[in-house]
Amino acid sequence: MQIFIDSADPNEVRQAYAGGLLSGVTTNPSLAGKSGKPYAETVTEILNIIGPEDSLSLETIATETAGMVSEGQRLSQLDHRIAVKVPATPAGIQATKILSSQGIKVNVTLVFTANQALAAALAGAHFVSLFVGRLEDKRQGTGIELVKEVRQIFNNYMLASRILFASVRKVQMIAEAAKLGVDVITVPKEILDQMLNHPLTTSGLNKFLQDWEKSKLQLPG
Ligand code: G3P
């Protein structure tokens with residue numbers, strides 16, 4: 001499984017990348033709007049942070065197929081690591097079919113049902129972004145159930161699209177996603193920062209260091 005950061009803030013992406021766990025970045029128009037800088041600058045900065053095999057998802061704004069296709073072609077020409085996000089609407093699925101047949105990686109976003117995920121996969125999506133948290137916000141269990149359904153469907157037919165667990169609400173969802181066999185999870189920085197937290201790790205380390213201090217020993221070498 002890969003972990004991406006869900007952010008359009010280059011400083012946040014840089015700090016999170018220093019942790020050594022990340023393989024990509026997802027953005028959306030809301031996140032881009034929050035970053036407070038020209039989008040082209042944001043994209044260039046993020047491309048300079050991520051690794052040569054990593055992925056950056058950038059979303060189209062058009063609502064009709066032709067517009068999504070032309071925006072997607074433009075965005076994908078910026079860098080080979082860019083995946084183009086289109087929504088799981090009829091126009092978005094048509095755009096996915098066209099863009100993916102041109103070798104452009106498409107991330108179908110705003111997926112809330114197994115049928116939308118199936119359509120995205122059949123149209124050739126590289127990533128299928130399941131908005132798990134937004135479903136869980138409405139009714140507990142429904143987001144996780146969607147992940148299970150989509151994993152089963154993709155397995156049944158060996159569909160190559162990667163399941164991307166998006167809209168993460170709490171740190172426990174990272175391990176949950178891994179148990180369910182998703183391919184990628186995209187996590188906001190404040191949740192990623194909690195991934196290694198455990199009170200017993202903190203208190204255990206404090207005790208080790210206190211005991212070491214008392215012992216007056218030195219590390220060899
Ligand atoms: O970027 C897609 C998704 O992760 C957004 O999540 O928190 O706005 O539901 P959220």
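Among residues belonging to region 13-37 that are away from the ligand (no atom under 16 Å from the Cβ) and modelled with pLDDT under 95, point out the one that is nearest to P188 (Cα to Cα).
Only one residue fits best here, namely G36.
I'd like the full set of residues that are open to solvent by less than 80 Å² (accessible area, probe 1.4 Å), touching an Asp or Glu at 6+ places or on another chain (Cβ under 9 Å) and in a helix (DSSP H, G or I), limited to region 28-43.
P29, L31, A32, S35, T42, V43
Search region 194-221 for residues that are under 30 Å from I3 (Cβ atoms) and pair each with any residue that is of a type in the set (V, I, T) and open to solvent by 100 Å² or more (accessible area, probe 1.4 Å) when their beta-carbon atoms are under 7 Å apart and the residues are at least 6 apart or on different chains.
none
Looking at (1) surrounded by 10 or more Cβ atoms within 10 Å (Cβ to Cβ); (2) under 30 Å from V128 (Cα atoms), find the lone condition where T201 falls short.
(2)
Hey, can you tell me all the residues within region 93-118 that are closer than 24 Å to I144 by Cα and part of a helix (DSSP H, G or I)?
If the condition is that a residue be closer than 24 Å to I144 by Cα and part of a helix (DSSP H, G or I), then I93, A114, N115, Q116, A117, L118 are the ones that fit.
Starting from region 73-91, keep only residues that are within 14 Å of A121 (Cα to Cα), then list their pairs with residues that are exposed (fewer than 14 other Cβ atoms within 10 Å of the Cβ) whose Cβ atoms are within a distance under 9 Å, requiring at least 6 positions of separation or different chains.
P87/T63; T89/T63
Among the listed residues I98, I93, identify the single one that is open to solvent by less than 50 Å² (accessible area, probe 1.4 Å) and either out of contact with any Pro (no Cβ under 8 Å at 6 or more places or on another chain) or within 18 Å of Q2 (Cα to Cα) (or both).
Matching residue, one of I98, I93: I93.
Within region 171-179, can one find any residue that is within 16 Å of the ligand (Cβ to nearest atom), in contact with a helix residue (DSSP H, G or I) (Cβ under 6 Å, 6 or more places away or on another chain) and outside any loop (DSSP other than H, G, I, E, B)?
No, region 171-179 contains no residue that is within 16 Å of the ligand (Cβ to nearest atom), in contact with a helix residue (DSSP H, G or I) (Cβ under 6 Å, 6 or more places away or on another chain) and outside any loop (DSSP other than H, G, I, E, B).
Give the residues of region 127-141 that are more than 11 Å from the ligand (Cβ to nearest atom) and open to solvent by 40 Å² or more (accessible area, probe 1.4 Å), sorted by residue number.
K138, R139, Q140
Output yes when any residue across region 117-125 is at negative phi, within 14 Å of the ligand (Cβ to nearest atom) and either under 18 Å from the mean Cα position of the chain (by Cα) or surrounded by 22 or more Cβ atoms within 10 Å (Cβ to Cβ) (or both), and no when none is.
No, region 117-125 has no match at all.
Out of all the residues in region 45-69, which are more than 16 Å from the ligand (Cβ to nearest atom), part of a helix (DSSP H, G or I) and surrounded by 14 or more Cβ atoms within 10 Å (Cβ to Cβ)?
If the condition is that a residue be more than 16 Å from the ligand (Cβ to nearest atom), part of a helix (DSSP H, G or I) and surrounded by 14 or more Cβ atoms within 10 Å (Cβ to Cβ), then E45, L47, I49, T65, G67, M68, V69 are the ones that fit.
I'd like to check something: does region 54-61 contain any residue that is more than 17 Å from F127 (Cβ to Cβ) and out of contact with any helix residue (DSSP H, G or I) (no Cβ under 7 Å at 6 or more places or on another chain)?
Scanning region 54-61 turns up no residue that is more than 17 Å from F127 (Cβ to Cβ) and out of contact with any helix residue (DSSP H, G or I) (no Cβ under 7 Å at 6 or more places or on another chain).
Residue check: is A88 at pLDDT 95 or above and farther than 18 Å from V184 by Cβ?
no
Do we have K85 as under 15 Å from the mean Cα position of the chain (by Cα), of a type in the set (K, R), under 20 Å from V168 (Cα atoms) and within 16 Å of the ligand (Cβ to nearest atom) here?
Values: under 15 Å from the mean Cα position of the chain (by Cα): yes; of a type in the set (K, R): yes; under 20 Å from V168 (Cα atoms): yes; within 16 Å of the ligand (Cβ to nearest atom): yes.
Taking the combined requirement at face value, the residue satisfies it.
From the list F208, F154, which residue is among the aromatic types (F, W, Y), in a helix (DSSP H, G or I) and open to solvent by 90 Å² or more (accessible area, probe 1.4 Å)?
On the way: F154 fails: open to solvent by 90 Å² or more (accessible area, probe 1.4 Å).
Answer to the check: F208.
The values are calculated or read from the model by the stated rules, or taken from the named source; none is laboratory data. The model shown is predicted, which means the values in this text are computed figures rather than measured ones. Backbone-built Cβ (ideal geometry, glycine too); neighbour counts: all protein chains shown. The protein model used for the area step is the full one, side chains on, heavy atoms only, and it has no ligands, DNA or RNA in it. Shrake-Rupley method; radii C 1.70, N 1.55, O 1.52, S 1.80 Å.
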